[in-house]
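The values are calculated or read from the model by the stated rules, or taken from the named source; none is laboratory data. Being a predicted model, the structure only gives us computed values, none of them experimental. Backbone-built Cβ (ideal geometry, glycine too); neighbour counts: all protein chains shown.
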């Protein structure tokens, strides 16, 4: 199937999930006792911050970090599209799958830019008295959904890089099954990215959602690393081998981001120090993947000097 057909399918899935979450999940979560934060009521102990000033610096940092990811991704997507127009056949398909992976990771970061931006404006995680009041709690699961779709395209990209063909169904099915499980779990009203009123007995399944997001990325990245190691061992040309190593380093950095993201979720606090460690991993991953895949002329020139 052509790459653009995959794009259409996953955009439809994304739109359906977003509509369900906005129209069903969020209202049910609020009905079950979800409240906004920060909150100065001493009885609300889910979060240790009591005022906006307690978390404002970290939210602003998150907003700027995700904005940088979006800007870098858009620039690299532009150059990737321009590069694949110069090629045909296998090289073009490889670059298209890379571009799609970048696109969905960018959408995930963009959702967080919008969400944290609204949080900064409102100084609360949600409000029901304004039309944009529920954007922030919606942005988190939508960002996670996009970040769960992207690894599927990364798997295809890496397999085309190493094998010049699509991965087998045995390799694709575990990633798609985990992605479906994550989406189903996120639709549940028990998957509330916030705090509840005291005394509300609600099963908290957020950690499972984050675990599934890490798992879908692990399933892809572990396979990808294996592909690329095999490709490196078989590649006799030093410049090509160096490019593949650069791509490999990018995937390892991406894995670092999701490990830190999961560690942040396990603390049950928003925007902990783990996210400050995670952001540089994301920046490095995007840049390294671009350098190894698209290989701009200045980078090829530098590699030639290095291996001359």
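Determine, yes or no, whether residue 173 is modelled with pLDDT of 85 or more, surrounded by fewer than 15 Cβ atoms within 10 Å (Cβ to Cβ) and part of a helix (DSSP H, G or I). Yes.
Checking each residue in region 185-226 for being under 19 Å from the mean Cα position of the chain (by Cα) and without any contact (Cβ under 8 Å) to a residue 12 or more places away in the chain picks out only 222.
So is residue 249 touching a residue at least 12 places away in the same chain (Cβ under 8 Å) and buried (at least 22 other Cβ atoms within 10 Å of the Cβ) or not? Spelling it out, it is not the case that residue 249 is touching a residue at least 12 places away in the same chain (Cβ under 8 Å) and buried (at least 22 other Cβ atoms within 10 Å of the Cβ).
Would you be able to say whether some residue in region 29-48 is surrounded by 15 or more Cβ atoms within 10 Å (Cβ to Cβ), at pLDDT 80 or above and within 29 Å of residue 297 (Cα to Cα)? No.
The criterion of being without any contact (Cβ under 8 Å) to a residue 12 or more places away in the chain, surrounded by fewer than 22 Cβ atoms within 10 Å (Cβ to Cβ) and more than 26 Å from residue 1 (Cβ to Cβ) does not hold for residue 120.
All conditions but one from (1) farther than 25 Å from residue 83 by Cβ; (2) in contact (Cβ under 8 Å) with a residue 40 or more places away in the chain apply to residue 289; the one that does not is (1). Hey, among 136, 152, which residue is surrounded by 23 or more Cβ atoms within 10 Å (Cβ to Cβ), part of a helix (DSSP H, G or I), under 18 Å from the mean Cα position of the chain (by Cα) and free of Cβ contacts under 8 Å to residues at least 40 places away in the same chain? Answer to the selection: 136.
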